[in-house]
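Everything below concerns the one structure shown next.
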Amino acid sequence: MLTKITVDGQSGYIFANKALSAAQVAGTWTLMAGHAGSPPAATFATADLTYVATDDTWSEGALYHGGDVSTATKHMLNMGGMMVAAAGAPWLIMPIDLVGYVPLSGANVTSTGTKTVTMTAIGAGAGTGDRYPNGTGLRLFVACDTVMGANAPTCIINYLDTGGFAGATTTFTSTASLPVGALLNTGAAANKYNPFLPLAAGDTGVSDIVSLVWAGTAHASGTVIIGLCAPLGPAIPVPATGLYNKYDFASAAPSYPRIRDGANIQFLVFQTGATTSGGTFMADINYAYGG
């Protein structure tokens, strides 16, 4: 790898910065994609309940990481991160590959019952849409695309596992009035999961999102997405405002997390306290490829 970097120049650098458009809630995780900055704020546009696969060409704000390198493989060498905000510390910053999403709005958020998703199951093909064959390693979350209204319904997501078997479900209790980007399934209360929803016993990933169910009640207003992603590496801690922290993946176990061809790199942030509106986020990644 050292020769590939120093002699062949097979390395690069990724940088992202965002400004929080609203104060965040203590103990929750936030998807930064919907906040303004670089890349621009995503709106997750498409028809309701229709799965959209994303990659490094996603028009709503993907970070360029050098393009496809197959048959070589690309890996993160290190990652740095910083938050500047009057409150909210300490924070955690986690890189993810946002493989795709399903938007819900209107009556699909404000009425109870089953909301059936249109999605072609992830296969084992060679395309970047199948970059995690059969959905191996993929995880689910539900994030606010706009501010949520009152009520805290039970949310049930039905999915297919990596073998395509039906009947797998995962459940959490939502939270009322969450801000843009907040993950509804996260928090410090009962029936919360941080940052991803648990999979059924024995499952190792998600190949298809079948439906979402609001039970007991529904949110009074708001829009959400069901996110399907792969964690790219461990969350790095940011102990205090303005403190830049760098994580060396070379000495980690496992080392050098892989960035697959087509990866749509986004970031999740955990706040111990309520991060103030206008707080600034920054992250950078050095990567290299070889093989």
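Here are a few things to note about the model shown:
- Kirkwood radius and radius of gyration were both taken over the C-alpha atoms of the chain, and their ratio Rg/Rh is 0.96.
- Quotient of C-alpha Rg and 2.2 N^0.38 Å, computed over the range 196-239: 1.61
- Diagonalising the gyration tensor over the Cα atoms of the range 249-291 and scaling each eigenvalue by 5 before taking the square root yields semi-axes of 28, 14, 9 Å, largest first.
- For the chain, built as a Gaussian network whose Cα springs stay under 10 Å, the top-fluctuating residue of Asn78, Asn191, Asn134: Asn191
- When you restrict to C-alpha pairs under 8 Å that are six or more residues apart and normalise by the size of the range 2-290, the relative contact order lands at 39 percent.
- Computed over the range 14-124, the alpha-carbon pair-distance distribution with 10 angstrom bins reads 10, 33, 35, 19, 3, each value a whole percent.
- Projected over all directions and averaged, the alpha-carbon convex hull of the range 193-291 occupies 10.5 nm².
- Only Cα sites of the range 147-233 enter the Debye sum here, all with the same form factor; the resulting log10 I(q)/I(0) across q = 0.13, 0.17, 0.19, 0.21 1/Å is -0.43, -0.73, -0.90, -1.06, listed in q order.
- Cβ-based exposure ranking for Trp58, Trp91, Trp214, Trp29, in which fewest neighbours within 10 Å come first: Trp58, Trp214, Trp29, Trp91
- Spin-label model distance (nm) - Ser70 vs Asn17, 7 Å beyond Cα toward Cβ: 3.6 nm
FYI, it's all coordinate maths here, none of it is from the lab. All values reported here derive from a predicted model rather than from experimental measurement. FYI the Cβ positions are ideal-geometry reconstructions off the backbone, even for glycines, and counts take in every protein chain you see.
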